[in-house]
Each structure stands twice: as structure tokens, then as C-alpha cells.
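The values are calculated or read from the model by the stated rules, or taken from the named source; none is laboratory data. What you see is a predicted model, and the numbers here were worked out from it, not measured in a lab. In this analysis, Cβ positions are derived from the backbone assuming ideal geometry, glycine residues included, and neighbour counts consider all displayed protein chains. With ligands, DNA and RNA removed, areas are computed over all heavy atoms of the protein, side chains included. Shrake-Rupley method; radii C 1.70, N 1.55, O 1.52, S 1.80 Å.
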Amino acid sequence: MDETAYCSIEPDFDVGRDKRADVLSFDGGFFAFDGTEPLASSGNKLVYPGTYTETAGKAPCVLPAVAVYFLSAEAHARELSNLKVAALLGVGPKLLATGYAYPLPARDTPECRPVLVEENAGTSLKDALDGKPIPWLVPMAAGGARAGNAAGARRAVPLEPADTETGRKQTAKLLFDLFSQVRNLQMAGKCHRDLKAANVCVKACGDHPWDVRATLVDLEFGTTAHGDGARVASERYHRVLFEQAAGRAGRIIVHPTPLQQDMGYLTLVVAEIENRAGVRDLPEEAIAAALDKEDGFFGYESDGSVYARKVAATDLERQARRAGLVPVDALLAVSPRAVQIARQATKHGGYLDALDMKRLERNADMLLEKENDRIARQIFANYQAHRVRDGKPVEYRTFDEQPEDLKESCRDQARQMRDKLESLDFDIVAWDECPEELRVKALSARQVEHLAEREHERWVEERTRAGWTYAPGDKDVDAKTSPYLVPWDELDEDIKEYDRDPVRETIGVLQDAGFAASRRA
């Protein structure tokens, strides 16, 4: 949506004498507040929990979300820019909507404030290490945002102890998430600048206790260049690494490079996760062990020099194996196209976790017959509507009443629809996963002609395969003969329109089935 657009606050319904549930309305969706108190606040912003319902299309989706009000335009512009950069790198929470609204809780204030709606990344790792439960936050079908959120609250569970089987898998998964996001940043020549437990959020994304996900937040990107001096982001982390540990090694680093700071802080976060304790409570031996790891990211050599390295693919592979994650290439058993979609949809180190699988179900499951069947049924419904509009008799009232060869014809059209759109460099994706700027609204006349000819070729091949032959005159269903089993150029214009009309309606058929045609970014 337009970043300068205004959203509105609308009273939803009364939930008590002195409490109202308010809604922020955006183009394509709305945010419903869970309450009137902020989840967190700082000098620059207020963060309110709730849910964002994407209303575009026929398959609305409810996402656990937060509305972030900014008290200055500078802070808003900085976070908006960082979120957009992060989205390209597969880092941080997803940006869902942006605009301006009256701030809460002071609703009567006449001044609008910039607001962003982001995916709810969960509770902070700092709080989780202190025993706070991790919320169960996954996309859900529309039909009760508040009920869905309440269900999530009931399923919140704390991190398991590190020495249990589930705890070990949780540790490996959290480290995998952190390593993959830090690696994505480093491959783009960037660093986080403030890598600490308070700037990592954790949530449950599946039905198993080890289905957890860690997300970097509070993104303030810098570069890994030596000239880009790192600021002292976390006084406690800085003191432990660059004073306490450095003093033991015989050398204190006054001005660490961005890479040294990032990897040093990440080393302490790893130690916190592995020991289920904040840096303040980490024993000296745990810190020493973290710094002395042979495969670690940061440490001090015997001569006092600093050792800092970037995250490597082998670091991801090791944690993925320990966590039991699914390699993207395993989807080859479903379809090579599923692998392509998976790689586009997630920059998660080449592996899939529970949340990846849930998201990919809305994009890639259409490659399976059950999802292909949804599009086939919509093709049938569209065909029936055409016959009613043209005053022609309806031979079959429902998709299932058709003979099997006609049902298979609809399914084949659905499969071919994907291939035809791919020839135009379009993908078919779930509606609620398609960014507005990439969504195809209509096909051009030239595209319609191209696809109509391809559809006629497909129809001729399918009919011939089913035993039909060419014969002049009228179509004879019993004899399986048709006068239209000829090349496209030999058809009359009025007959060509029978192929053009469904092609023109391709976008609408997909939308009615819950999908969209998307331009490739």
C-alpha cells in the first residue's frame, strides 16, 4: 500500500463498560488490538499486540501481529527502511501494513502518528531464558482473530531444559535460526550491530515442543567493513567480551570492528541459549568455554589477538541436523517446482521448519492433487456460469456429477494453467502470500491470444487422447467427433472466443480459488 496513506481507527464492538476493542483499517486488511496497553514501549515507539486479517481475495488469513506507533517521523522512516531491506535478506519480522493513525491510548489526540503493522515475532529470548512461556503464533484461517489469539495463549510453553532431548532440539533450532539470519546479513556485507538476547524474539510455530523459531528484531544495520566503527550496543555484553574476557587474554579492545562486535555478541547469545541463562547469570567457566570453542565465531588467541569469523554453511548444516529440519531438496519428491517455490519463499539456510511448511502449504500444496482440484472445481463453476449466461442447458449440476473424463479435463486445465502462466513469467501463489505490487490484475490482449492458442492446442491433444476425431458438421458426443479438432488458424473467430473468454477470466478463477498470478520479483 502507499506509504503515505492514512488508515482509520474504527470501533469494533463493546467488550466491557470501560474497554473498547479498536481496529486499524488498511487497504487489504485490518489490525485488531488485543487490548489498550502496549506490549512494549521506548522513547521512540509504542508496540501493541493483536492480529492482522488480510482481507484481499477469497481466502482471508489471520496473522498474529503487532502495531508499532512511532513518536517521531525519523524513527518510523528508519524502521520502515530496515524492515524492507531485511525482507529482501530473509531477516526480521514480516511487514504487513503501514500508514498513519491516531495514537493509542490517547485516542482524542488530534495528531496522527506513523504506524507499522509487523508479524508478531513472539517473546524476547531474554524473557524466555528467564522462564517466560513462548507463545504459539502461526497463521490461521479467518473466523475469529481473538479466538485464535486466545488459543495461542493457551498453548504457550516455556523452553525445555537444555539437557533433555526436546531441549537439545530447541537449542539446535534456535541456533540455526540465528546463524541463518546472521549469515544472510553477512553475505550482503551487513551486520546487526546489537546482537543480544533482548533483540531476539522466540515463538512456537508448530505442534511439537521443539518447533520454535528465533527472529532478529530491532534492526540497525551497519556494514562489516573495518571503517564502519561499531557502537557500544550492549554495555553488559561489551563489558564481558571486551573488558573482562579481553583482560584475561591480556588485551582490551577499545574499538572492536563491527564483525568482532557482532560475532562476539552472538557468541554470548549462543552461550545463553546452551546454558538457559542470561549473560548476567552465566558462570565464568561457561563464558570461557564459549570463547575457547574450536568451531566458535569469536575468541582470543594466546597472544591476545582477536579471532572472529563469519557464519559458514557448515554451521547451518550442523544445527539443522541436530534439530531434525527438512532439507528444501526433500520436496523434489513432490515436484521440482515445489523446490523452486520453497527457495523463493524462504531464505532459511536451505532447510524448512514447521512455520516454513505452513507457509509453503499455501503456496506449494497446489502442486498436489488436492489443491489442483480446487482450481479444477472453480474452472468447472466458471464454465457452468457461462452456459447459464448464454442460455445453454446445464448438463451437470456439480463437478462430481461429471463423467470421469470430463473431471480429468478440468484438472488438466488447472495443471496447464500453471504452465501457461509460467510461459509469461508469472507464478501461481496463494492469494495472501502475494505482495500487492507483484499481483497480476488482468492479462493483456496479446497475452490472452497467446494463452488461448495454447489452450486450444491442449484441448485438441486431450480430446485426441480420449479417442475423439475430426468430422465436419456438429459435435457428436456419442461418436466422439468434433469439427474443431483443427489448428488454431483454421478456427472461426466466434469459436476462438470460446478459448479467449476463459483465458480472460484466468485471474478471476484463480482469485475465486484462493490464488493469485504473481510477477516474478
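Counting only residues 5 or more places away or on other chains, whose amide H sits under 5 Å from the amide H of Val212 once H atoms are built in the peptide plane?
Close amide H contacts, sequence-distant or interchain: Cys205.
Compare Phe30, Phe242 by solvent-accessible area with a 1.4 Å probe and give them largest first, with all protein chains kept in place.
From most exposed to least exposed: Phe30, Phe242.
Once amide H atoms are placed 1.01 Å from N in the peptide plane, what residues at a sequence separation of 5 or more from Tyr351, or on another chain, have their amide H within under 5 Å of its amide H?
Amide H neighbours of Tyr351, under 5 Å, 5+ apart: Val328.
Which ³J(HN,Hα) values in Hz, rounded to whole numbers, follow from the phi angles of segment 421-435 under the Karplus curve 6.51 cos²θ - 1.76 cosθ + 1.60, where θ = phi - 60° and Gly and Pro get x?
Computed from phi, the couplings for segment 421-435 are 5, 5, 5, 9, 6, 10, 10, 9, 10, 4, 4, 6, 9, 9, x Hz.
Taking the Cα centre of segment 375-521 as origin, work out the dipole magnitude from +1 charges on Lys and Arg Cβ and -1 charges on Asp and Glu Cβ, in debye rounded to 20.
Roughly 300 debye, rounded to the nearest 20.
May I ask you to evaluate 6.51 cos²θ - 1.76 cosθ + 1.60, the Karplus curve with θ = phi - 60°, for each residue of segment 292-297 and list the ³J(HN,Hα) values in order in whole Hz, giving x for glycine and proline?
Each residue of segment 292-297 in turn: 9, 4, 5, 9, x, 9 Hz.
Give the Rg (one decimal place) followed by the Dmax (whole number) of segment 397-512, computed from C-alpha coordinates and expressed in Å.
According to the Cα coordinates of segment 397-512, Rg and Dmax are 15.8, 49 Å.
Quick query: amide H of Thr55 versus all other amide H atoms, modeled in the peptide plane; which residues come in under 5 Å with a sequence gap of 5 or more or a different chain?
Long-range HN contacts for Thr55: Gly29, Phe30.
Too long at a 28 Å Cα-Cα cut-off: which of Lys94/Lys132; Lys407/Lys475; Lys45/Lys173; Lys173/Lys441?
Over 28 Å Cα-Cα: Lys45/Lys173; Lys173/Lys441.
Give me Rg/Rg_expected for segment 442-507, where Rg uses Cα atoms only and Rg_expected = 2.2 N^0.38 Å with N residues.
So segment 442-507 has a normalised radius of gyration of 1.17.
Starting at the first residue of segment 120-126, write each ³J(HN,Hα) from the Karplus equation 6.51 cos²θ - 1.76 cosθ + 1.60 with θ = phi - 60°, in whole Hz, x for Gly and Pro.
6, 7, x, 8, 5, 4, 4
So, taking all protein chains as they sit and a 1.4 Å probe, how much accessible area belongs to Trp136, in Å² rounded to tens?
Accessible surface of Trp136 is approximately 50 Å².
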